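Colleague: Sharing a structure below in structure tokens format, with a few things to ask.
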Number of protein chains: 2
Amino acid sequence: MNVRTLCLGILSFAQMTGYDIRKLAAEGNFSHFCEANYGSIYPALSQLTKDEFVVFTDEALDGKPPRKIYSITEKGRVHLFETLNKQPGPDRFKSEFLFYSLFQDKMPASDFRKLLVRKIAETRDTLESLEKANDCCDHGPSHFALGYGVAMNKAVLDYLKKYLASFDTTQKEATESLSDKD
Amino acid sequence: MNVRTLCLGILSFAQMTGYDIRKLAAEGNFSHFCEANYGSIYPALSQLTKDEFVVFTDEALDGKPPRKIYSITEKGRVHLFETLNKQPGPDRFKSEFLFYSLFQDKMPASDFRKLLVRKIAETRDTLESLEKANDCCDHGPSHFALGYGVAMNKAVLDYLKKYLASFDTTQKEATESLSDKD
DNA sequence: ACAAAATATATCAATTCGATATATGGTCTA
DNA sequence: TAGACCATATATCGAATTGATATATTTTGT
């Protein structure tokens, strides 16, 4: 699914600027399952305008900085739901952290522990923000997606915490068995 | 993390061809947390060769098709672990399925149900293959990452199954209340 | 013996990322 | 109240990546 469809979908909920779309996709309630940058959003909006799937009101009053508020058109709505009739592609998960974990045995134990602790903190933060959003806009269109994110992050947090505990136990045992030999 | 680092990391475990790297990243034990196509892998290997981080033996014997087996060099290994000393970037999750779910209320219930059922089947397949891999290469370097994937997919599967059940209950109630009014 | 699938390298247009440039409005504080 | 700083907002550009395709040989299945 390309950024054009993403923009069109977001605009089907409310009219907004390119800046707003980027905020939703990169920081807001949609950010845990999609992403887009200015560098793809603005060209996408230009193309959507050309295709007459969206229109914008140029709010350039009183010498204020131009502010293009985009709205979806009927034609755009039709196109969106045609697109949505196709099978969705597979989920994509990329984790630099998990890639790093492949080299766990080749780095000092304390280094990997730091990675674990940091990841736990990050996951906790993500989980909290998703739970807050889920409580807040209950019954909204993103309720299902937020619940999905909560379930995923809970499981990950649990896995990481258990791994950290077993990691520390193993390290302690290794130290003790080392001091036995001294 | 770029494809160059990905290739270098994979080659630090074993020498192999570009084709093999792509298989590992797109279908193998690493595929649930990273991805790369030929279009980025082959240029990456060229660059790594230029930088002397890898070397290849050109196995073009007896007029056979050329087959470049890449190996990491000592220089490459040093570079890899320098890179691995930096903080890993955040995980990225993209889900077209979750994007589609935003429009749940705007499509026929049976359409969304189909999406759910399909997603459940896919997740079950992914989970099974991850569990199999995890049993198989226990204690290998990807053990932690596989366990992470298993935990995540288990949670997702559980969430989806519960949602489907509640979905069907709601639909049934809606139908009954409709027939009451008839 | 033949067809189909897997192995293997490579390239290319289209897309997307990530960073940066530019400019205004609002808020905080010394 | 001046200055600093951050949020809002549009836009562009080189670099990186995707996704599809071309080509050719070997292996596997029937």
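The values are calculated or read from the model by the stated rules, or taken from the named source; none is laboratory data. Keep in mind that what you see is a predicted model, and the values were worked out from it rather than measured. Here the Cβ positions follow ideal geometry from the backbone for every residue, glycine too, while neighbour counts run over all protein chains shown. Please note that ligands, DNA and RNA were not included when accessible areas were found on the heavy atoms of the full protein model with its side chains. Shrake-Rupley method; radii C 1.70, N 1.55, O 1.52, S 1.80 Å.
Colleague: Would a scan of the range A:97-114 turn up a residue that is in contact with a helix residue (DSSP H, G or I) (Cβ under 7 Å, 6 or more places away or on another chain), basic (K, R) and outside the structural domain of A:A14 (by TED's automatic domain parsing)?
Modeller: Checked the range A:97-114: at least one residue is in contact with a helix residue (DSSP H, G or I) (Cβ under 7 Å, 6 or more places away or on another chain), basic (K, R) and outside the structural domain of A:A14 (by TED's automatic domain parsing).
Colleague: If we scan the range A:27-48, do we find a residue that is within 21 Å of A:R67 (Cβ to Cβ), out of contact with any Cys (no Cβ under 9 Å at 6 or more places or on another chain) and away from DNA strand D (no atom under 12 Å from the Cβ)?
Modeller: No, the conditions are met nowhere in the range A:27-48.
Colleague: Where residues in the range A:125-139 are over 15 Å from B:F93 (Cβ atoms) and in contact (Cβ under 8 Å) with a residue 40 or more places away in the chain, which of them is surrounded by the most Cβ atoms within 10 Å (Cβ to Cβ)?
Modeller: Within the range A:125-139, the match that is surrounded by the most Cβ atoms within 10 Å (Cβ to Cβ) is A:A133.
Colleague: A:K106 is checked against (1) open to solvent by 60 Å² or more (accessible area, probe 1.4 Å); (2) free of Cβ contacts under 8 Å to residues at least 40 places away in the same chain; (3) farther than 25 Å from B:T126 by Cβ; (4) more than 8 Å from chain B (Cβ to nearest Cβ) and fails just one. What number does that condition carry?
Modeller: For A:K106, the failing item is (4).
Colleague: A further question on this structure: Out of everything in the range B:139-165 that is of a type in the set (S, T, Y) and over 20 Å from A:K119 (Cα atoms), what residue ends up being farthest from the other protein chains (Cβ to nearest Cβ)? I'd like the intermediate steps shown before the answer.
Modeller: If we filter the range B:139-165 for residues that are of a type in the set (S, T, Y), which is where we start, we get B:142, B:148, B:159, B:163.
Then keep just the ones that are over 20 Å from A:K119 (Cα atoms); that gives B:159, B:163.
Numbers: B:Y159: 4, B:Y163: 7 Å.
Checked the range B:139-165; the qualifying residue farthest from the other protein chains (Cβ to nearest Cβ) is B:Y163.
Colleague: Only one of these is of a type in the set (A, V, I, L, M) and touching a Ser or Thr at 6+ places or on another chain (Cβ under 7 Å): A:L130, A:L157, A:L146. Name it.
Modeller: Values: A:L130 fails: touching a Ser or Thr at 6+ places or on another chain (Cβ under 7 Å); A:L146 fails: touching a Ser or Thr at 6+ places or on another chain (Cβ under 7 Å).
None of the others qualify; the one that does is A:L157.
Colleague: Could you please let me know if A:D91 is within 9 Å of chain B (Cβ to nearest Cβ) and open to solvent by less than 50 Å² (accessible area, probe 1.4 Å)?
Modeller: Numbers: within 9 Å of chain B (Cβ to nearest Cβ): yes; open to solvent by less than 50 Å² (accessible area, probe 1.4 Å): yes.
So A:D91 fits the description; yes.
Colleague: Given the conditions (1) part of a helix (DSSP H, G or I); (2) touching a Lys or Arg at 6+ places or on another chain (Cβ under 9 Å); (3) within 12 Å of chain B (Cβ to nearest Cβ), which single one is not true for A:Q171?
Modeller: Of the numbered conditions (1) part of a helix (DSSP H, G or I); (2) touching a Lys or Arg at 6+ places or on another chain (Cβ under 9 Å); (3) within 12 Å of chain B (Cβ to nearest Cβ), the odd one out for A:Q171 is (3).
For (1) over 25 Å from the mean Cα position of the chain (by Cα); (2) aliphatic (A, V, I, L, M), each residue gets a yes or a no:
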{"residue": "B:I41", "(1), (2)": "no, yes"}
{"residue": "B:S46", "(1), (2)": "no, no"}
{"residue": "B:T73", "(1), (2)": "yes, no"}
{"residue": "B:F81", "(1), (2)": "no, no"}
{"residue": "B:R92", "(1), (2)": "no, no"}
{"residue": "B:S101", "(1), (2)": "no, no"}
{"residue": "B:E128", "(1), (2)": "no, no"}
{"residue": "B:D135", "(1), (2)": "no, no"}
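Colleague: Next up: Suppose we keep only residues that are among the charged types (D, E, K, R) and in contact (Cβ under 8 Å) with a residue 24 or more places away in the chain within the range A:109-124. Which one would you say is nearest to A:A174 (Cα to Cα)? First the steps, then the outcome.
Modeller: As a first pass, look at the range A:109-124 and keep what is among the charged types (D, E, K, R): A:111, A:113-114, A:118-119, A:122, A:124.
Filter again for in contact (Cβ under 8 Å) with a residue 24 or more places away in the chain, leaving A:113, A:119, A:124.
Details: A:R113: 15, A:K119: 24, A:R124: 29 Å.
The extreme case among them is A:R113.
Colleague: When B:E96 is evaluated against the numbered criteria (1) more than 16 Å from B:L6 (Cα to Cα); (2) within 13 Å of chain A (Cβ to nearest Cβ); (3) loosely packed, with under 12 Cβ neighbours inside 10 Å; (4) within 16 Å of DNA strand D (Cβ to nearest atom), which criterion, by number, is the only one it fails?
Modeller: It fails just one condition, (3).
Colleague: Look through the range A:25-65, keep the residues that are acidic (D, E) and either in contact with a strand residue (DSSP E or B) (Cβ under 9 Å, 6 or more places away or on another chain) or modelled with pLDDT of 95 or more (or both), and return whichever of them is surrounded by the fewest Cβ atoms within 10 Å (Cβ to Cβ).
Modeller: Start the filter on the range A:25-65 by keeping residues that are acidic (D, E), which leaves A:27, A:35, A:51-52, A:58-59, A:62.
Those left that are additionally either in contact with a strand residue (DSSP E or B) (Cβ under 9 Å, 6 or more places away or on another chain) or modelled with pLDDT of 95 or more (or both): A:35, A:51-52, A:58-59.
Values: A:E35: 16, A:D51: 14, A:E52: 12, A:D58: 9, A:E59: 13.
Here the answer is A:D58.
Colleague: Would you point out the residue of the range B:3-18, among those that are within 13 Å of DNA strand C (Cβ to nearest atom) and part of a loop (DSSP other than H, G, I, E, B), that is nearest to the other protein chains (Cβ to nearest Cβ)?
Modeller: Within the range B:3-18, the match that is nearest to the other protein chains (Cβ to nearest Cβ) is B:A14.
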